[in-house]
1. Other chains near B:267-274: what is the mean number of their Cβ atoms within 10 Å of each residue's Cβ?
2. Between copies, how close do the B:Asp11 label points come, placed 7 Å along Cα→Cβ, listed in nm from shortest?
3. Positive end of the charge dipole of segment A:22-240 (Lys, Arg +1 and Asp, Glu -1 on Cβ, about the Cα centre): tell me which of A:Ala82, A:Ala117, A:Gly147 has its Cα farthest that way.
4. Apply the Kirkwood formula to segment B:300-375: the hydrodynamic radius equals the inverse of the mean of 1/r over all pairs of different alpha-carbon atoms; give it in Å with one decimal.
5. Give the distance, in whole Å, between the Cα centre of segment B:65-118 and the Cα centre of segment B:40-55.
6. Suppose R0 equals 25 Å; then what is the FRET efficiency for B:Asp206 and A:Glu320 from their Cβ-Cβ distance, rounded to the nearest 0.05?
7. For chain A, the longest stretch holding no trypsin sites (Lys or Arg not before Pro) located in a DSSP loop with at most 14 other Cβ atoms within 10 Å is which?
8. At q = 0.07, 0.09 Å⁻¹, what log₁₀ I(q)/I(0) does a Debye calculation on the Cα points of the protein assembly as shown give, no solvent, two decimals?
Protein chains: 2
Amino acid sequence: MRDAADLSPLDPFETPVAVLDVGRARRNADRAADYCRRHGLAWRPHVKTHKSLEVARIQLEAGAAGLTVATPREAEVMSAVADDLLLAYPPIGPSKLQRLMGLPRTVRLTVGLDSEAALGPLAEASRAAGRQTGLLVEVDAGLGRVGVGTPEEAVALARSAAERDGAAFRGIMFYPGHLRVPESEQESGLADLSRLVDRYIGALSDAGLEPEVVSGGSTPTLWQTHRVPGVTEVRPGTCIYNDRDILGMGACAPEDLAYTVLATVVSTAVPGQAVVDAGSKALAKEPPLPTLPGFGALLARPEVWVRALSEEHGVLDLSETAWRPSVGERVRIVPNHVCVSVNLQDHVLALSDGGATAWRLDGRGRGPYHSGPSA
Amino acid sequence: MRDAADLSPLDPFETPVAVLDVGRARRNADRAADYCRRHGLAWRPHVKTHKSLEVARIQLEAGAAGLTVATPREAEVMSAVADDLLLAYPPIGPSKLQRLMGLPRTVRLTVGLDSEAALGPLAEASRAAGRQTGLLVEVDAGLGRVGVGTPEEAVALARSAAERDGAAFRGIMFYPGHLRVPESEQESGLADLSRLVDRYIGALSDAGLEPEVVSGGSTPTLWQTHRVPGVTEVRPGTCIYNDRDILGMGACAPEDLAYTVLATVVSTAVPGQAVVDAGSKALAKEPPLPTLPGFGALLARPEVWVRALSEEHGVLDLSETAWRPSVGERVRIVPNHVCVSVNLQDHVLALSDGGATAWRLDGRGRGPYHSGPSA
């Protein structure tokens with residue numbers, strides 16, 4: 001697959017810099033929205049992937065029912081374009097609670113959490129602020145990261161929320177991050193997940209706490225969500241951009257890759273390789289999937305992969321290509337994991353027929369980091 | 001080793017946030033400066049590790065002869081405190097050259113590179129700007145990343161620099177990043193390196209281009225530099241902070257760890273672990289050393305290590321401790337690779353007897369990313 005796009009609008013920009021193919025992102029948004037419409041699911045994309053108000057607008061225009069956020073910063077920034085936010089993360093500590101309570105009153109806020117220790121202060125802060133915060137009980141669906149482990153615990157937490165001023169029990173959420181295998185191997189994982197979700201819905205309903213929301217979905221499992229009965233909404237992040245991991249799992253096609261890092265060849269001194277100025281501080285050096293060597297690959301030449309990364313050096317492996325670039329040549333690199341590469345940027349260059357425009361990533365960083373008086 | 005410091009000044013700050021033990025950083029700076037003074041080496045610390053003007057001032061006050069930078073942004077920021085900068089990276093493309101030529105005229109700039117394609121435009125831009133840029137020929141000392149591979153190539157590039165207006169040949173540089181083994185196993189690597197450096201110095205001297213500067217050194221090899229004859233300066237970055245990798249290599253002691261990420265426990269729902277709010281977007285998820293499991297460890301309880309990282313979740317493994325933290329408890333985490341963790345922060349909290357103060361990391365990011373008219 002060669003890349004036929006007109007890249008000349010990128011010429012004036014210094015590398016390394018992130019580039020967004022806006023047309024591809026719009027198509028990715030439409031595809032997710034269409035899938036959810038067909039299956040009666042609410043689409044609540046996770047903004048952690050893009051951290052951009054402009055990209056959030058694309059998602060909302062395509063039909064997103066609201067947005068998912070991970071941090072107070074993301075919530076604050078996204079409250080400018082969305083009035084229905086899910087913080088899929090327990091807000092622990094006075095500073096985070098204070099920032100959430102400072103969100104515009106027009107924002108309907110829901111929070112996912114898995115403990116009384118998280119619920120109590122949140123409900124109390126909400127009550128004191130004259131707000132009511134929606135609650136989703138986070139359930140461990142098999143990843144073993146966070147989430148209650150039994151329906152009994154979910155019922156206890158849901159009941160506690162239902163009984164508190166300031167909180168309103170809305171349902172459950174889970175993250176099937178352990179299902180990262182090709183579609184053909186997801187069968188047993190999806191069957192297990194369906195049984196687990198059914199058990200939680202049943203226990204809560206029996207207790208008179210029927211969940212209005214059952215929030216699931218990740219990009220690798222997105223297109224299989226309709227096979228898990230009871231799920232009402234999905235929170236995929238990556239599918240707006242996709243990346244080499246998602247491509248390697250078979251959950252997107254090459255033409256769905258919307259995000260790259262534009263880099264310049266800076267050295268060809270060592271034979272058999274070319275070194276570019278996108279290193280781990282532009283691409284992120286996460287451990288690769290077992291099936292994919294290296295830390296990224298060229299968009300236009302996927303047989304050229306990033307064999308090694310230092311902080312400001314990316315080493316392109318040329319063993320499977322006859323292409324021999326010169327110092328100064330520019331390439332676009334697809335990172336393994338797009339969310340962590342985006343988090344390293346201050347801007348993306350939005351490339352469309354209209355040229356290239358820098359979009360600030362306002363959701364990046366932590367924002368105010370201090371709840372007390374100025375130090 | 002328990003951590004006895006008074007951490008109460010950190011209480012008002014929201015997590016995750018980077019924390020710098022200023023006393024330890026000062027001691028680390030003094031130790032590097034002392035070593036270099038004893039062995040007649042110039043100490044030119046690499047600011048990529050800390051990206052902070054305040055920390056650069058600590059290094060300069062301790063005796064740094066100048067600073068090493070990797071990006072135009074770092075050069076611009078550090079020109080406020082240092083008038084002798086080495087850009088240890090080839091500046092390719094008009095935007096980077098333009099920014100370098102815009103540095104204050106009081107700055108003595110030296111650049112390391114390995115090709116005519118990098119040298120030509122740099123010399124021409126310098127000539128046109130009425131400047132003279134020093135040149136170090138980068139030599140591949142065995143890492144196989146960048147650098148010329150033979151003394152003949154080094155002589156040719158040095159001669160080309162010497163003959164150009166705008167450039168002044170100053171010497172050679174190398175990065176022994178392949179020597180990351182414990183001191184006891186470095187013998188043969190250091191012997192090979194000494195022979196290689198000697199060969200380059202000899203060839204250049206024979207050609208009438210005796211190098212005034214032979215720039216080497218990394219943190220793992222720093223304290224062995226005197227055993228490589230001919231080296232005149234070192235460019236270690238990490239040794240100002242140190243990290244779990246450096247500790248694991250035996251190149252620092254636990255009490256030399258100056259940088260941590262302060263994090264809060266957000267979930268203990270899954271037995272045998274605790275989840276904190278420092279994930280890969282605060283610690284960086286680089287592949288660990290073969291000898292060290294996980295992605296970091298607690299400063300005060302090194303037997304508690306970060307078993308898994310998602311973007312905003314760090315999973316602490318509790319299998320080797322009786323400690324069972326509660327939601328809301330705070331911990332300080334030593335990352336595997338400090339430079340990439342620092343690059344994820346906008347500030348560090350400088351912790352000293354005087355309390356905690358936020359220092360901006362002005363060198364982070366790319367700064368102006370556009371050499372043309374505004375998009």
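1. Values: counts 14, 4, 15, 9, 2, 1, 3, 0.
That average works out to 6.
2. Going from nearest to farthest copy, the values are 6.1 nm.
3. Selected residue: A:Ala82.
4. Values: mean 1/r = 0.0625 Å⁻¹.
That comes to 16.0 Å for segment B:300-375.
5. So the separation of the two Cα centres works out to 14 Å.
6. Details: r = 40 Å, r/R0 = 1.62.
Rounded to the nearest 0.05, the efficiency is 0.05.
7. Numbers: sites that count: A:Arg2, A:Arg105.
Between exposed loop sites, the widest span is A:106-375.
8. -0.50, -0.82
Values quoted throughout were computed directly from the atomic coordinates according to the rules given, and no laboratory measurement underlies them. The structure presented is a predicted model; accordingly, all values stated were derived computationally and were not measured. Note that each Cβ is placed from the backbone with ideal geometry, even for glycine, and that neighbours are counted across all protein chains shown.
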